[in-house]
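**Student:** One structure is given below, represented as structure tokens, and several questions about it will come after.
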Amino acid sequence: MKKQTLLLLFIGLAFFAEAQSSHSLLRKGDQHYKEGEFVEAEESYRKANNEKDSPKGNYNLGNTIYEQKRFEEAVKYYENAAQKAGNPMVRADAFHNLGNTYFQQQDFENSINAYKNALRLDPKDLATKKNLSQAQRMLRMQQQQQQQQQNDENKENQDENQDQQQQQQQQQEQENQDENQEQQQEQKEQEQSPQDQEKQQQQQGEPKDLSKEEARKLLEIMEDEERKVQEKMRKAQSKPTKSKKDW
């Protein structure tokens, strides 16, 4: 995938008219880049771009930032190089590296577009063709994963909705059952109430007929009470009446 080749000074003959300071800074950045000193190379390329913004400076600055895995930032420098470079091969390399940068961010759609732009400029570039094929394969896998994730989310939401509906249904059934039981209890009480009243009336009604023995004993008790009353009345009549004494 990697095609972060430097645009060395022999490629940039058109830049000999640049100021000497910009020229020396670009050469210094190239030297740092070759030695793997990407932070120092970035500093030199930035200074060179401040002196004079050039496709070479943007391209190589993009490479140093890419090597430091700041892919999102590297995008703008590759885009600048691709837009401003007059050499079609330089533009093709810039688009290739731009495709690599998007690929590292898993932005496979933009990666594919960048590789296609590179191939329009250099149709025989096998490395770009290989990367394009890989990006297309990764995009299909990503879309399948996203579709599967969406299906899983839909399934989860569907299961959750079913659980909620089942709970609501069970709750409604329980409420209906409780209500039916209450209605049945009320109806039962209403049906039993007249019977209870009749039973109570029977219990509080006229006494049942006495047996002969019970009637005889009751009569004796009444006669005995009557005699006692009569005797008390006789005794009361036989006593002298006390008159009130006058003073």
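Laboratory data are not the source of any read-out in this text; all were calculated from the coordinates shown. Only a predicted model underlies this, so the values are computations on that prediction, with no experimental measurement involved.
**Student:** Which whole-Hz couplings ³J(HN,Hα) result when phi for each residue of the stretch 113-127 is put into the Karplus expression 6.51 cos²θ - 1.76 cosθ + 1.60, θ = phi - 60°, listed in order with x for Gly and Pro?
**Tutor:** Whole-Hz 3J(HN,Hα) from phi for the stretch 113-127: 4, 5, 5, 5, 5, 5, 5, 5, 8, 9, x, 8, 6, 5, 4.
**Student:** Oh, and also: Give the aspartates and glutamates whose C-alpha is closer than 17 Å to that of residue 116, dropping any in the same chain fewer than 8 places away, or say none.
**Tutor:** Result set, ordered by chain and number: 79, 93, 107, 125.
**Student:** Translational diffusion coefficient of the stretch 13-143 at 20 °C, 1.002 mPa s, Stokes-Einstein with Kirkwood Rh over Cα pairs, in µm²/s as a whole number. Present the calculation step by step, with values, prior to reporting the outcome.
**Tutor:** Details: Rh = 15.0 Å.
Here the translational diffusion coefficient equals 143 µm²/s.
**Student:** Residue separation times 0.36 nm, minus the C-alpha to C-alpha distance between residue 136 and residue 171: what's the value?
**Tutor:** Gain in length upon complete extension: 7.4 nm.
**Student:** Next question. Using θ = phi - 60° and the Karplus curve 6.51 cos²θ - 1.76 cosθ + 1.60, what whole-Hz ³J(HN,Hα) does each residue of the stretch 136-151 get, with Gly and Pro shown as x?
**Tutor:** Each residue of the stretch 136-151 in turn: 5, 5, 5, 5, 4, 4, 4, 5, 5, 5, 5, 5, 5, 4, 5, 4 Hz.
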